[in-house]
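Participant: Quick one: the structure is below, questions incoming.
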Amino acid sequence: MLSKYKKNNIIFRIASADAISKFKATQASSFVQLARKELAFDLSAKEVVLLEFDRFSHWIFTIERIFISVGEKYIPPYLRSTVFDLFVAELNVIEGVMAAHPEVFTTDVKNFTKLVHKYISDILFDSLEEILLMKADSAFSSIVKQISNYLQHLLLVMHEFNENYIKQSLFPFLTASDFCISGKSVHAYEPILRRAKYFIDNGIENKFYFKNYASLELFYQTNTYLSQHGINLTIEDLTISSRQEIIQ
Amino acid sequence: MQELISILKQISGEFSTGQFAILCSMVIGILYFSLKTIIVAAVKRGVFTRLFSSQNDEVIEIRSQLSELATREQLDVAIQRVINTLGDLKEYAAHKNELDTQLRTEAAKLHLVESANSKNELENMSDQFSRELTEIKNKLDSRNTGETNFNSSIKDVIFKLQEVDQRILSHCAKMDELARNAIPEFRAYHKDLSRDLSEISRDIALVERSIESQIKNTNNIRLR
């Protein structure tokens, strides 16, 4: 016996289609960055970004199916828990895949990714809690945008890992983005500090250039916070960046 | 014959003329029909055929003997002609091998010349391609995303790149054909060249996708 046909929520469909198309555009743009020869992305680092984009694409489509069932209403509490659970499950899948394929994912890139997952979980949980109180269409668009911001942040930190750790660049650097300073339960500059400590623990000197990808000027606040932990930050010299490109 | 006439005179003396005529007619009639019967019977039994066929067999035998003699003569001539022709063929084959070797050497030289020409052309096209790529890179580095002229000039460059790529690929196909004549060194070089050209095609596709993506998604991150 066929189940009852559920009529489509056109407003939600419009919102979800628009959100997903923007996500896919960001995905394409990120992959273009990975493919740039002058950046010489290591295979491990590149595959982390590709894997996470793939898994979170899948997650977004799953969430879309869930939210369609809500219609034009607010998201009930049991579905909000489902969203959180599915998000955690997705992170676990990613780490599981990385553990199962040491021929692609080195121990170092796995450890670095786990470090990133820890603080981004806190950041995303904070934002999801607020987002899931909205109506389904607005919530879905905001969730997709937030995931998109996270994945662009992941691209930046893998760029750091690739340059500082794998290629042992003469000019190690740290990046800042709107996403990584948006957490409430985690200090705004804590993510940058954790990554800096990772690099220092793996043999890199405690002096970094600062590359700001955020919409606001962040050097002063970041430098203040990091210097309290013995880390020296220098604002990015754009002439060095262009020299790096020539060396590469 | 004399006795037959005297018998007929004696018989005609004992009968009247009319009776003698009737008697002669009767005898002639009987003789005629008897002879006819005998002849028919003889024909039916093939007596005449055997009489004539024996003569025919001899003719046939003679004829076949004659034709055999003629055929043998012709055969001998034919065989001799074949032997002569074989000799000619052997000479021709020997000469042909010599010609073939010459031809192969000349063909090889020709191929080498053609492949050298193709190689030069290919190198020229590769240089042009590198120049086009550098132009794109310079345009991207100095771009102002507000410029609409930028988009159309980039599209022009992409179009030119695609043309160069097509020419390179058709040259590769031509060199493929040349390489089939299996000069080992050339084949090895050709393999490397094919691989390089495939990579160039892939790079062109990547550049095209990159430019399209960056034109559409100007708000997204560009790593530095």
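Residues checked against (1) over 21 Å from A:Leu218 (Cβ atoms); (2) within 14 Å of another protein chain (Cβ to nearest Cβ); (3) touching a helix residue (DSSP H, G or I) at 6+ places or on another chain (Cβ under 6 Å):
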{"position": "A:Phe125", "(1), (2), (3)": "yes, no, no"}
{"position": "A:Ser141", "(1), (2), (3)": "yes, no, yes"}
{"position": "A:Gln168", "(1), (2), (3)": "yes, no, no"}
{"position": "A:Ala196", "(1), (2), (3)": "no, no, no"}
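Participant: Mind checking which residues of the stretch A:1-22 are assigned to a helix (DSSP H, G or I), among the polar types (S, T, N, Q) and without any contact (Cβ under 8 Å) to a residue 60 or more places away in the chain?
Facilitator: Of everything in the stretch A:1-22, just one residue is assigned to a helix (DSSP H, G or I), among the polar types (S, T, N, Q) and without any contact (Cβ under 8 Å) to a residue 60 or more places away in the chain, namely A:Ser21.
Participant: Filtering the stretch A:23-46 down to residues that are under 25 Å from A:Ser141 (Cα atoms) and without any contact (Cβ under 8 Å) to a residue 40 or more places away in the chain, which residue is farthest from the other protein chains (Cβ to nearest Cβ)? Walk me through it before giving the result.
Facilitator: So in the stretch A:23-46, the residues under 25 Å from A:Ser141 (Cα atoms) come out as A:23-33.
Imposing the further condition that a residue be without any contact (Cβ under 8 Å) to a residue 40 or more places away in the chain reduces the set to A:24-25, A:28-29, A:31-32.
Working: A:Lys24: 10, A:Ala25: 5, A:Ala28: 5, A:Ser29: 4, A:Phe31: 8, A:Val32: 4 Å.
Selected residue: A:Lys24.
Participant: Need the failing condition index for A:Phe53 against (1) within 11 Å of chain B (Cβ to nearest Cβ); (2) surrounded by 15 or more Cβ atoms within 10 Å (Cβ to Cβ); (3) assigned to a helix (DSSP H, G or I), just the number.
Facilitator: That leaves (1) as the condition not met.
Participant: Got a number for residues in the stretch A:170-194 being surrounded by 23 or more Cβ atoms within 10 Å (Cβ to Cβ), away from chain B (no Cβ under 14 Å) and aliphatic (A, V, I, L, M)?
Facilitator: Result for the stretch A:170-194: 1.
Participant: If you don't mind, another one. From the residues in the stretch A:111-142 that are buried (at least 16 other Cβ atoms within 10 Å of the Cβ) and without any contact (Cβ under 8 Å) to a residue 24 or more places away in the chain, which one is farthest from the chain's Cα centre (by Cα)?
Facilitator: Filtering first and then ranking leaves A:Ile131.
Participant: Something else about it: Taking A:Lys211 as meeting all but one of (1) surrounded by 17 or more Cβ atoms within 10 Å (Cβ to Cβ); (2) part of a helix (DSSP H, G or I), write down the number of the exception.
Facilitator: (2)
Participant: Among the residues that make up the stretch A:61-76, is at least one of them assigned to a helix (DSSP H, G or I), open to solvent by 40 Å² or more (accessible area, probe 1.4 Å), of a type outside the set (A, V, I, L, M) and over 20 Å from A:Leu132 (Cα atoms)? Steps first, answer last, please.
Facilitator: Taking the stretch A:61-76 and keeping what is assigned to a helix (DSSP H, G or I), we get A:61-70.
Applying the additional criterion that residues be open to solvent by 40 Å² or more (accessible area, probe 1.4 Å) yields A:61-62, A:65, A:69.
This time we only want the ones that are of a type outside the set (A, V, I, L, M), so: A:61-62, A:65, A:69.
Of the ones still in play, those that are also over 20 Å from A:Leu132 (Cα atoms) are none.
Looking for residues that are assigned to a helix (DSSP H, G or I), open to solvent by 40 Å² or more (accessible area, probe 1.4 Å), of a type outside the set (A, V, I, L, M) and over 20 Å from A:Leu132 (Cα atoms), one finds none in the stretch A:61-76, hence no.
Participant: Of the residues A:Ala45, A:Ala40, only one is more than 17 Å from the chain's Cα centre (by Cα) and under 22 Å from A:Gln27 (Cα atoms); which? Step through it out loud before you land on a result.
Facilitator: Values: A:Ala45 fails: more than 17 Å from the chain's Cα centre (by Cα).
None of the other options fit; the residue is A:Ala40.
Participant: While we're here: Identify, by number, the condition in (1) more than 21 Å from A:Phe105 (Cα to Cα); (2) within 17 Å of the chain's Cα centre (by Cα) that A:Asn162 doesn't meet.
Facilitator: (1)
The values are calculated or read from the model by the stated rules, or taken from the named source; none is laboratory data. Quick caveat: nothing in here was measured; it's all calculated off a predicted structure. Glycine gets a Cβ as well: all are built from the backbone with ideal geometry, and neighbour counts include every protein chain shown. Each accessible area value is taken on the protein alone, full model and side chains, heavy atoms only, with ligands, DNA and RNA left out. Shrake-Rupley method; radii C 1.70, N 1.55, O 1.52, S 1.80 Å.
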